[in-house]
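Working notes, beginning with the structure itself.
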Amino acid sequence: SRRETLHQGHPLRQFLRPFSYGTIMINWAATTTLVSDGGAVHRFAAFEGTATANFIKSSHYISDLKLCSVRLIDNQKFPWIILIPKRKGVTDITNLNLKDQILLMKEIVHASKLMKKVFKTKKLNVEKIGNIVPQLHIHIIARYKNDLTWPLSVWVKKGKIYSKDNLSFILSKLKKVF
């Protein structure tokens with residue numbers, strides 16, 4: 001039932017009132033505080049502009065390394081993480097100072113080894129593209145000779161989001177190793 005179709009004294013409305021008090025304002029405040037331009041997500045991570053919305057909507061937090069935040073891309077067709085350096089305004093590896101460049105490479109190698117171990121693969125695609133999302137990020141994708149797009153890019157097929165159970169399982173596995 002929709003709220004508009006239930007009269008004020010309806011038992012369901014009476015029952016839900018204590019559980020829904022202020023939820024519209026709470027949700028609105030969370031949205032504007034956390035993910036709006038200049039919100040908390042922007043201040044605590046390196047995201048800027050539409051990059052925030054794209055990364056947040058299409059990925060799930062796994063862990064933080066010394067330089068990078070690690071996120072799982074929500075595409076069950078391919079085991080796929082991204083490393084996002086926690087540096088504002090960085091669009092290319094050359095924008096990082098030398099110390100961060102070296103640390104980024106170490107974190108790419110570390111994450112790559114973990115991806116190979118967790119997903120039992122010998123082949124990874126490790127890519128820095130940034131054509132759509134300018135914020136520097138590195139894709140690490142486990143590949144198999146029998147996957148949907150082998151030997152082509154993973155972008156030739158539309159992604160499919162994880163089921164709730166499968167997402168929980170994959171995130172749990174990755175959080176344990178990271």
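Relative contact order, percent, of the stretch 105-178 when contacts are C-alpha pairs under 8 Å separated by at least 6 residues? For the stretch 105-178, the relative contact order is 26 percent. Scanning residues 5 or more positions from ARG87 or on other chains, those with amide H under 5 Å from its amide H are ALA46, with H placed 1.01 Å from N in the peptide plane. With the simple spin-label model, which puts each label point 7 Å out from Cα in the Cβ direction, the TYR61 to GLU127 separation comes to 2.7 nm. A protection proxy built from the mean count of other Cβ atoms within 10 Å ranks the segments 102-112, 132-142, 147-157, most packed first, as 132-142, 102-112, 147-157.
Applying the Karplus relation 6.51 cos²θ - 1.76 cosθ + 1.60 with θ = phi - 60° to the stretch 146-152 yields 3J(HN,Hα) values of 9, 6, 4, 10, 3, x, 6 Hz, where x marks Gly and Pro. Using the Cβ-Cβ distance between LYS145 and THR91 with R0 set to 30 Å, the FRET efficiency from 1/(1 + (r/R0)^6) comes to roughly 0.35.
Packing, as the average of other Cβ atoms within 10 Å across residues, places the peptides 114-125, 163-174, 65-76 in the order 65-76, 114-125, 163-174, highest first.
For the stretch 67-79, backbone phi angles converted through the Karplus equation (6.51, -1.76, 1.60; θ = phi - 60°) give residue-by-residue couplings of 9, 10, 8, 10, 10, 8, 6, 7, 8, 6, 6, 9, x Hz, Gly and Pro being listed as x. Across the cross-link table entries LYS116/LYS157; LYS57/LYS123; LYS88/LYS120; LYS122/LYS158; LYS77/LYS128; LYS88/LYS157, which are compared at the Cα atoms, the separations over 29 Å belong to LYS88/LYS120; LYS88/LYS157.
No lab work stands behind these numbers, since they all come straight from the coordinates. Every value quoted in this text rests on a predicted model; they were computed, and no experiment measured them. As a convention, Cβ positions derive from the backbone with ideal geometry for all residues, glycine included, and neighbour counts pool all protein chains shown.
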